[in-house]
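K.L.:
Sharing a structure below in structure tokens format, with a few things to ask.
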Amino acid sequence: MQISMRSPSVLVLVLLAAACGSTSDSNNMPAANGGGVVQGTVMGGSQNMRVAVPSSSAATTTDTAGGFLLTGVPKGAAALQFSGGGQSATLATAAMVPGEFRRMTVSISGGSVTEHNEQTETEFEGTVDAIDGAVLTVAGRKVAVTDATKIRKDDVAATLADLTVGTPVEVEGTLNADGTVTASEIRVEDRNDVDRVAFVGTLTQITGNTLTVGGLTVNVGATTAIVKGDTTLTLADLMAGDRLLVRGAVQADKSINATRIRVLQREREDEHEEMHVTGKVAAVGTDNFTIGDSVITVDAKTEFEGSGLHGLADLKPGDSVFAEVMKQADGSLLAEEVKKFTPTMQPMPSM
């Protein structure tokens, strides 16, 4: 089944649910302005630490491993408050865009909190509003396309030349400290004139290729992507009780043709988490390398890609890399794949 897509604003899901006769929990729905989702880990904090968006109702608490899932984050939100266990701190962040999914790791100590930007991942939709060399403007953000960025159109490989102003896209990548994005993947969306939605809900029923999520009917097609962290799943991997972020297009019968489904529930403490770390190499050791505050270990199974990169010995401080890593039970990071890339020159601001 081909699923229609485009990138305009996220619908008001509360109104959509009402139209469907749904009695779903409104706390699971995004805010009326296209609320986003932040999934993260707090290092150094206490159990049940409160995580909240200032001046909004978006709030949650951390679990025993410091994990949290914050839904309904309003468009433009640019700060998170952390409090509990005698600690209280506010973190300035890049502003949220409508329907964005963001995954982050922070460290807190007393009244200070730090974001590990090299680990901050983002996923969002938008229209290409401008192209300057290999830098796109999507949803108000500068998106750098590198020689390691995957571009896909109609589920096949594409190139930067396939992107033009007005092209609707979904962007995945690293959200840098300055608010720009280094894209790991860009997917071109269909241009059909349909309403787009992004919402969070609990999976309560699976009937063939149809899901009930937060009281809404969600259709899963052959091109629907299902992911958890950086791992690709199948429909058979989904279970009732899963917390899902669904993106898709609203049909005439008010059902939703899903283009992407992300499993959101927190990782179990005994479960390894797959993630990305991106940035410039600060140091190289005998069996590890460092990006920002992240020390990444390699082993015999680690794969290396990129110009002249065949192993750890070829990696040098200053090299720019994408690292696909597995977070171990002790919190350490083990690289599965390391890709060297050429950073995109950011356009100079106009005078």
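The values are calculated or read from the model by the stated rules, or taken from the named source; none is laboratory data. Since the structure is predicted, the reported quantities are computational estimates derived from the model, not experimental observations. Neighbour counts run over all protein chains shown; Cβ positions are idealised from the backbone, glycine included. All accessible areas refer to the heavy atoms of the entire protein, side chains included, with ligands and DNA or RNA removed. Shrake-Rupley method; radii C 1.70, N 1.55, O 1.52, S 1.80 Å.
K.L.:
Carbon and sulfur together cover what percent of the accessible area of the stretch 291-332 at a 1.4 Å probe radius?
P.N.:
Here carbon and sulfur together make up 51 percent of the probe-accessible area.
K.L.:
For a 24 Å ceiling on Cα separation, which of these pairs sit above it: Lys228/Lys316; Lys75/Lys142; Lys228/Lys280; Lys280/Lys301?
P.N.:
Lys228/Lys316; Lys228/Lys280
K.L.:
Using per-residue counts of other Cβ atoms within 10 Å, averaged over each peptide, order 172-182, 120-130 from highest down.
P.N.:
Result, highest mean first: 120-130, 172-182.
K.L.:
Return the Rg/Rh value of the stretch 44-179, two decimal places, where both radii are evaluated on C-alpha atoms and Rh is the Kirkwood radius.
P.N.:
1.04
K.L.:
Next question. For the stretch 115-163, place one equal point scatterer on every Cα, skip the solvent, and apply the Debye formula. What is log10 of I(q)/I(0) at q = 0.19 Å⁻¹?
P.N.:
Taken in order of the listed q values, log10 I(q)/I(0) reads -0.74.
K.L.:
Provide the FRET efficiency to the nearest 0.05 for the Asp314-Thr159 pair, computing r from the beta carbons and using R0 = 22 Å.
P.N.:
0.25
K.L.:
For the stretch 124-268, report the accessible area per residue in Å² (1.4 Å probe, heavy atoms, rounded to an integer).
P.N.:
Per-residue value: 40 Å².
K.L.:
For the stretch 102-239, what does the alpha-carbon gyration tensor say about shape, rounded, prolate or oblate, given a ≥ b ≥ c as the root eigenvalues, a/c under 1.5 as rounded, and a/b over b/c as prolate?
P.N.:
oblate
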